[in-house]
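Participant: I'd like to ask you about the structure that follows.
What follows draws every value from the coordinates through simple rules; no lab data is involved. Here the structure is a predicted model, which means the values were calculated and not measured. Cβ atoms come from the backbone with ideal geometry, glycine included; neighbour counts cover every protein chain shown.
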């Protein structure tokens with residue numbers, strides 16, 4: 001069953017020849033098991049298959065990524 005909220009995040013980066021990061025992409029996706037029922041010679045068979053659905057991609061330059069990191073740190077600073 002598809003989750004209510006995004007549950008998987010991925011990062012991709014693009015760097016120049018010197019290794020300096022030019023942009024970072026943050027991907028947000030649903031990752032879940034999809035169940036289907038199939039009729040076979042042995043009766044009904046429940047088949048579970050992994051599924052992934054991308055919801056959004058945020059492309060940021062280096063400074064935007066640093067700002068997002070700082071905002072997350074500031075927001076979660078009091079959390080344990």
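Participant: List every residue pair whose Cβ atoms lie under 7 Å apart, where the two residues are 6 or more positions apart in sequence or sit on different chains, the first residue falls within the stretch 31-46 and is on the phi > 0 side of the Ramachandran plot and touching a residue at least 24 places away in the same chain (Cβ under 8 Å), and the second residue, located anywhere, is surrounded by 10 or more Cβ atoms within 10 Å (Cβ to Cβ) and in a strand (DSSP E or B).
Facilitator: none
Participant: Looking only at the stretch 37-80, which residues are within 16 Å of residue 12 (Cβ to Cβ) and in a strand (DSSP E or B)?
Facilitator: 52, 54, 55, 56, 57, 58, 59, 60, 61
Participant: Here is a follow-up. Among the residues of the stretch 21-31, is there at least one that is surrounded by 10 or more Cβ atoms within 10 Å (Cβ to Cβ) and touching a helix residue (DSSP H, G or I) at 6+ places or on another chain (Cβ under 7 Å)? Spell out the reasoning first.
Facilitator: Step one: filter the stretch 21-31 for residues surrounded by 10 or more Cβ atoms within 10 Å (Cβ to Cβ), giving 21-31.
From the residues that got through so far, the ones that are touching a helix residue (DSSP H, G or I) at 6+ places or on another chain (Cβ under 7 Å) too are 21, 24.
The answer is yes; a qualifying residue exists.
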